[in-house]
Amino acid sequence: MTYLIVTTMILLTVVVFSVMNFSFSWVFYLTVIGQILLVFSVYKVLTDAYSTDKTFKDFYEDHPIGSEE
């Protein structure tokens, strides 16, 4: 989650800097750093060692209906 929070903050900073007419170099470098962090964050999430015993039969986790037989 830390990588996602840092990536989100950097990309929001890019939006704020572009609206406030900061120098193009600041916006460009923050955009490049944000894109690299985004790819890295996606990689970290997809390669995480998370496992679960839930299946598609369990429906959604926020609204469990249990396994139907």
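The values are calculated or read from the model by the stated rules, or taken from the named source; none is laboratory data. Keep in mind that this is a model prediction, so the values were computed, not measured. Don't worry about glycine lacking a Cβ; one is built from the backbone with ideal geometry, like all the others, and counts go over all protein chains shown. The protein model used for the area step is the full one, side chains on, heavy atoms only, and it has no ligands, DNA or RNA in it. Shrake-Rupley method; radii C 1.70, N 1.55, O 1.52, S 1.80 Å.
Figures for the structure shown
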quantity: Exposure rank, largest accessible area first [VAL27, VAL15; 1.4 Å]; calculated: VAL15, VAL27
quantity: In sequence order, calculated HN-Hα J values of region 11-26 (Karplus, 6.51, -1.76, 1.60; Hz; x Gly/Pro); calculated: 5, 5, 5, 4, 5, 5, 4, 5, 6, 8, 6, 5, 4, 4, 5, 4
quantity: Low-density loop positions, chymotrypsin sites (Phe, Trp or Tyr not before Pro), region 20-55 - DSSP coil, at most 16 other Cβ in 10 Å; calculated: PHE22, TYR50
quantity: Heavy-atom SASA rank of LYS57, LYS44 (probe 1.4 Å, accessible area, largest first); calculated: LYS57, LYS44
quantity: Label-point separation, PHE24 to ASP53 (7 Å along Cα→Cβ), nm; calculated: 5.9
